[in-house]
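The values are calculated or read from the model by the stated rules, or taken from the named source; none is laboratory data. Computed from a predicted model, the values in this text were never measured in an experiment. Every residue, glycine as well, gets a Cβ built from its backbone with ideal geometry; the counts of neighbours run over all protein chains shown. Quick note on the areas: whole protein, heavy atoms, side chains included, nothing else; ligands and nucleic acids left out. Shrake-Rupley method; radii C 1.70, N 1.55, O 1.52, S 1.80 Å.
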Amino acid sequence: MTNIVNVKKENQIAYITMNRPDKLNALSRELVSGVIEALKDAEADKTIKAIILSGAGKSFCSGGDIGSFKEAKTAADMLTYMKGATLLQQTIKELDKYVISAVHGYAAGAGFSLALASDFIVADKRAAFAISFKNIGLIPDLGLVKALAENVPHSLVKEWISSGAVISAEELHTRGLVNRLAEGELLKEATVFAKFIIDGPPLANKFVKYLVNNATELTNKTNDAQEMIMQTLLFHTVDHLEGVQAFFEKRAPKFEGK
């Protein structure tokens, strides 16, 4: 893995840092591939329970890399770039492990999409989220329209997109799209936020993520059937037995993901 993506693993957390500060972490092909590789590595690592995604330098991510756009000479070239970028947000959603985006500076364009693809957002109180696609005659991508439309009134989503709005972290926190506002050191506060994940049952969290992410796609009957299957499986795990024993012993459980 090149230094365009930095990875540190500590205390059951994988810290993945996008490292193109001179380009405000714009999503080049190399950066997209590097982050996907890091995410998959963290997923496979049994010692890791949570992932914190951040950006080096002044901003989280400025969105798509205009340089990569210029390299796309044909529609087929552009489609190849878009497939790679889209795969990044899909990878985050499909991981079994929770991903926290730690956002500072700007999360603009596809950077906003990337943050919303994560399971949680911890944002610097001064951070801003920009929907800047209209400035270059494009529509939001990487699932941004759907993510916003599922959480914000449609009339406001249309206004934000068509006006190229810049939305404060505080407003998104009020609307429930940002989980925590940080006033101190961002990664430190994101690490504190991750504590409930680290202390929690990994297998149950895996199923929660799946059910919530697919809630709008599942019928009531399909959801109920999947809940029953998942719960039956969890009843026979070491973590469930540990949780019950800890309850009777009046102590905090120590979950292992088994």
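Scan the stretch 235-252 for residues that are within 11 Å of Ala204 (Cβ to Cβ) and in contact (Cβ under 8 Å) with a residue 40 or more places away in the chain and report the count.
So the count comes out to 1.
Among the listed residues Leu233, Leu241, identify the single one that is of a type outside the set (Ser, Thr, Tyr), out of contact with any Gly (no Cβ under 6 Å at 6 or more places or on another chain) and within 22 Å of Lys195 (Cα to Cα). Write out each step before concluding.
Numbers: Leu233 fails: within 22 Å of Lys195 (Cα to Cα).
Answer to the check: Leu241.
Taking Asp65, is it of a type in the set (D, E, K, R), in contact with a strand residue (DSSP E or B) (Cβ under 8 Å, 6 or more places away or on another chain) and within 19 Å of Leu138 (Cβ to Cβ)? Reasoning before the result, please.
On the way: of a type in the set (D, E, K, R): yes; in contact with a strand residue (DSSP E or B) (Cβ under 8 Å, 6 or more places away or on another chain): yes; within 19 Å of Leu138 (Cβ to Cβ): yes.
Spelling it out, Asp65 is indeed of a type in the set (D, E, K, R), in contact with a strand residue (DSSP E or B) (Cβ under 8 Å, 6 or more places away or on another chain) and within 19 Å of Leu138 (Cβ to Cβ).
Inside the stretch 188-236, counting only helices (runs of 4 or more DSSP H) that do not spill past its ends, which hold 3 or more residues that are open to solvent by 80 Å² or more (accessible area, probe 1.4 Å)? Full working, then the answer.
Details: elements: 195-199, 202-213, 220-235.
Filter on the stretch 188-236 gives 220-235.
Quick one: what pairs do we get from the stretch 130-159, first residue open to solvent by less than 70 Å² (accessible area, probe 1.4 Å), second among the basic types (Lys, Arg) and in a loop (DSSP other than H, G, I, E, B), C-beta under 7 Å, 6+ apart or different chains?
Correct list of pairs: Val152/Arg175.
Any residue in the stretch 19-44 that's under 21 Å from Asn205 (Cβ atoms): show its pairings with residues that are assigned to a helix (DSSP H, G or I) at Cβ separation under 8 Å, as long as the two are six or more apart or on different chains.
What qualifies is Leu39/Thr91; Leu39/Ile92; Lys40/Thr91.
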